[in-house]
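Read through the structure below, which is laid out as structure tokens, and then see the notes.
Please treat every number below as a calculation from the coordinates, not as lab data. Remember, predicted model here, so these are calculated numbers, not experimental data. In this analysis, Cβ positions are derived from the backbone assuming ideal geometry, glycine residues included, and neighbour counts consider all displayed protein chains.
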Amino acid sequence: MQLHNYYNEDNGYIRISADQASRFAKEVADDFNPIHDPDAKRFCVPGDLLFALVLARYGLSEVMTFGFVGMIGDGTRLVFPDNPGDSFSIDNEAGKACMTVSRSGAISRDPVQIEALTRNYVAFSGHNFPHILVPLMAKHQVMINPERPLVMYQSMSLHFDDLDFSDAELALADTRLEVNGKRGDATLEFDVNANGRRVGAGSKRLALSGLQDYDPGIITMLSDLYEQRKQAYRGNA
């Protein structure tokens, strides 16, 4: 995964450029959400990149919860604490939290295991749209605003029965969508499997804004545009 290609160290801070963030989203997560384009008006560093950096730096715990509480812009300098406890945050240089982390249980620092889990989780996470969210929106007969298709990462949790595994694969277990006017809260449950057994599970929560009545034609158009963006990027890479 060569995680060092997607951030810089700057006098004790971690700094992620818009280009690095966009390349991580597209090259590692296969995520073509326009909010991760370098020229996006509301550009945001992908939460999955922060997740990857936290695991690489602090290890994988049996129980972990991540909260994404602030958008990170181009070149924001981030503070990753030294020797944090069971609850900590990743802050910007002004001291405002961008991500909260809580953890408990045994800790693995096996770089091979951590990279395998990170890569598999990020790939699963990057495919939320259209593969998971479109069927979920169709079920509830709502859709995101096609003019401003905004889907934001809220939180993610992981828990493992044990850490005695090497490679791991994620499998979708359940999906839910709670609609409140023009806002929706989606929950994606998944299992973590390794060596023919379920070793853990997790949950990811997303916020969908600007919801409106479902239109299958428009959703098909959005999905096609998303795929075209992906193919265009790969063709130019």
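Scanning residues 5 or more positions from GLY70 or on other chains, none has an amide H under 5 Å from its amide H, with H placed 1.01 Å from N in the peptide plane. Once both axes come from the Cα atoms, what is the angle between helix 111-126 and the longest principal axis of the chain, in degrees from 0 to 90, rounded to 10? Roughly 10 degrees between the two axes.
Can you sort HIS140, HIS36 from fewest to most other Cβ atoms within 10 Å of each residue's own Cβ? Starting with the residue having the fewest Cβ neighbours, the order is HIS140, HIS36.
Remind me, relative contact order of the range 1-136 in percent, using alpha carbon pairs under 8 angstrom and six or more residues apart?
On the way: 209 pairs, mean separation 35.4, N = 136.
Reported relative contact order: 26 percent.
Amide H contacts of ARG77: GLU93, each under 5 Å away and 5 or more positions distant or on a separate chain (H built 1.01 Å from N in the peptide plane; Pro and chain starts excluded).
Could you state the per residue volume, in Å³, of the convex hull enclosing the Cα atoms of the range 1-155? Intermediate results must be reported in sequence, preceding the final value.
Values: hull volume 18.7 nm³, N = 155.
Per residue, the Cα convex hull of the range 1-155 comes to 121 Å³.
Phi angles of the range 216-224 translate, via the Karplus equation with coefficients 6.51, -1.76, 1.60 and θ = phi - 60°, into HN-Hα couplings of x, x, 5, 4, 4, 4, 4, 5, 5 Hz per residue; Gly and Pro are given as x. Counting pairs of alpha carbon atoms under 8 Å apart in space and at least six apart in sequence, what relative contact order in percent does the chain give? After rounding, I find 17 percent. The separation of the range 177-207 from the range 65-133, counted between C-alpha centres, amounts to 16 Å.
Phi angles across the range 151-156 convert, under the Karplus curve 6.51 cos²θ - 1.76 cosθ + 1.60 with θ = phi - 60°, into 3J(HN,Hα) values of 10, 10, 6, 9, 7, 8 Hz, Gly and Pro given as x.
3J(HN,Hα) along the range 182-196, derived from phi through the Karplus expression 6.51 cos²θ - 1.76 cosθ + 1.60 where θ = phi - 60°, amounts to 8, 10, x, 10, 9, 10, 10, 9, 9, 9, 10, 10, 8, 6, x Hz, with x in place of Gly and Pro. Estimated purely from DSSP H runs of n ≥ 4, each contributing -39500 (n - 2.57), the mean residue ellipticity at 222 nm for the chain is -8500 deg cm²/dmol once divided by its residues.
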